[in-house]
Amino acid sequence: MVALIATTALAAFSLPLTLAYPSPQPLLGLPTGPAPITDPRFTTWNAPGSGDVRSPCPGLNALANHGFIHHNGKNLTIPHLVDGLAAGLNMGVDFTVLIGGAGLLASPNPLGGSFDLNQLDQHNFPIEHDASLSRQDAYFGNDYSFNQKIWNMFLAVYKGKTTTDIPTAAKVLSARTQDSQARNPQFTYGLREFIFRYGETAIYLQTMSDPVSGVARLDFIRELFEKERLPVDLGWRPSTLPITLASLGVMVNNLFAANPQNVPEGATILKDSYKNLIEGFIGGSEVLGNLTGGISKQVGL
Ligand code: HEM
Ligand SMILES: [Mg+2]
């Protein structure tokens, strides 16, 4: 049943998409929706201690710091992630099963059914990529820790603003692409990187606000990236609507439409070399189509 038809306010762009928002339904008895804000995990935050591991992902690190997923960052199974990501950030089951499944491929034993956060720093497959928002490229060394110099580029593009918007978020992506392209002789950018980079921007926008508007408070986003903390103390609350592959896909599409470098970025997508790889690990072009909200069609997949 469609409870809400959310229309993006992006009619000015060439590819406005609408999102038919299904009512959250329990799936296979798994939890949906965030934990109540009185859940002590929202106000409990502990930095990683000795022996604990963290990742290039500010979202998973923050959830581990709050104890929504194992604080030591180890032995993360899909059911554990489904539970923790829904409780802390209202991530939909579809997102967590798909991306958690990709994360499993970083484990030395993917069939073992779990991974540790530090295994996600593996470069170029399955997820970690160049031109991140807050981490340096693997070519320069550590690709997993927050990096202030890289993050300053993000802040420079948002200078003077207190909230995010789709065009500025798209400009950040473009600025980071240009920087990596200019400085990293091993810069790698294909469809896999494109999907993850745009998807990750959609995730920070949606988790810090809602699955539709793209308007989030910049101080919330800074706390997420800079302190790897959910900004409950600043007044943030988890989205009341679940963040799903469909909601992310629509925003990826609208970010792409707003990109000032639309053509160069689109043109460098190595669709043929990545098609089989992506389909193989995320389960086919239907899922890919959901994730990218139609971009896969545009680039001929
Ligand atoms: C099981 C689910 C998840 C997995 C396996 C995962 C994995 C990763 C990995 C490996 C990266 C590094 C990519 C790179 O920048 O090179 C990444 C980046 C990112 N992730 Fe996650 N992630 C997951 C869920 C989440 C959630 C729930 C959030 C919500 C805030 C999130 C937000 C981000 C953001 C914003 C980035 C970009 C960081 C940057 O560019 O500096 N992720 N994720
Ligand atoms: Mg990276």
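The values are calculated or read from the model by the stated rules, or taken from the named source; none is laboratory data. Keep in mind that what you see is a predicted model, and the values were worked out from it rather than measured. Using ideal geometry, Cβ is built from the backbone for each residue, glycine included, and neighbour counts are taken over all protein chains shown. Side chains included, ligands, DNA and RNA excluded: accessible areas come from the protein's heavy atoms. Shrake-Rupley method; radii C 1.70, N 1.55, O 1.52, S 1.80 Å.
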- [ ] Rank these by accessible area, largest first, 1.4 Å probe: Asp94, Asp137.
- [x] Asp94, Asp137
TODO: Extending each Cα 7 Å along its Cβ direction at Thr43 and Asn72, get the distance between those two points in nm, one decimal.
DONE: 2.9 nm
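What is the Å³ per residue value for the convex hull set by the Cα atoms of segment 109-149? Working shown, then result.
Values: hull volume 3.1 nm³, N = 41.
Per-residue hull volume (Cα only) is 75 Å³.
What ranking, highest mean first, results for peptides 40-46, 229-235, 187-193 when packing means the other Cβ atoms within 10 Å averaged over each residue? The partial results should precede the final answer.
On the way: 40-46: 14.0, 229-235: 16.1, 187-193: 19.9.
Descending packing order for the listed peptides: 187-193, 229-235, 40-46.
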TODO: Would you list the P(r) distribution for segment 66-117, with all Cα-Cα distances sorted into 10 Å bins from 0 and each bin expressed as a whole %?
DONE: 29, 57, 14
Task: Long-range amide H partners of Ile243 with built H, under 5 Å - done: Met91, Gly92
Task: Phi-based couplings in Hz for segment 63-74 (Karplus 6.51, -1.76, 1.60; Gly and Pro marked x) - done: 5, 5, 4, 8, x, 6, 10, 3, 5, 6, x, 10
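Heavy atoms only, 1.4 Å probe, whole protein assembly: order Tyr144, Tyr204 by accessible area, highest first. Can you show the working numbers first?
Values: Tyr144 95, Tyr204 5 Å².
Ranking Tyr144, Tyr204 by accessible area, largest first, yields Tyr144, Tyr204.
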Open item on the list: Tell me the net charge near Gly73. Cut-off is 14 Å between Cβ atoms, Gly73 excluded, with +1 for each Lys or Arg and -1 for each Asp or Glu.
Closed with: -2
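What number, in nm² with one decimal, is the all-direction average of the projected area of the convex hull of the alpha-carbon atoms of segment 161-200?
Numbers: hull surface 13.3 nm².
Directional mean of the projected Cα hull area for segment 161-200 stands at 3.3 nm².
Taking a ≥ b ≥ c as the square roots of the Cα gyration tensor eigenvalues, with a/c under 1.5 meaning rounded and otherwise prolate when a/b beats b/c, else oblate, which class fits segment 172-241? Before the final figure, lay out the partial values.
Working: a/c = 3.01, a/b = 1.96, b/c = 1.54.
It comes out prolate by the Cα gyration axes.
What is the ratio of the Cα radius of gyration of segment 40-95 to 2.2 N^0.38 Å, where N is its residue count, to two decimals?
Numbers: Rg = 10.6 Å, N = 56, 2.2 N^0.38 = 10.2 Å.
Its radius of gyration relative to the 2.2 N^0.38 Å reference: 1.04.
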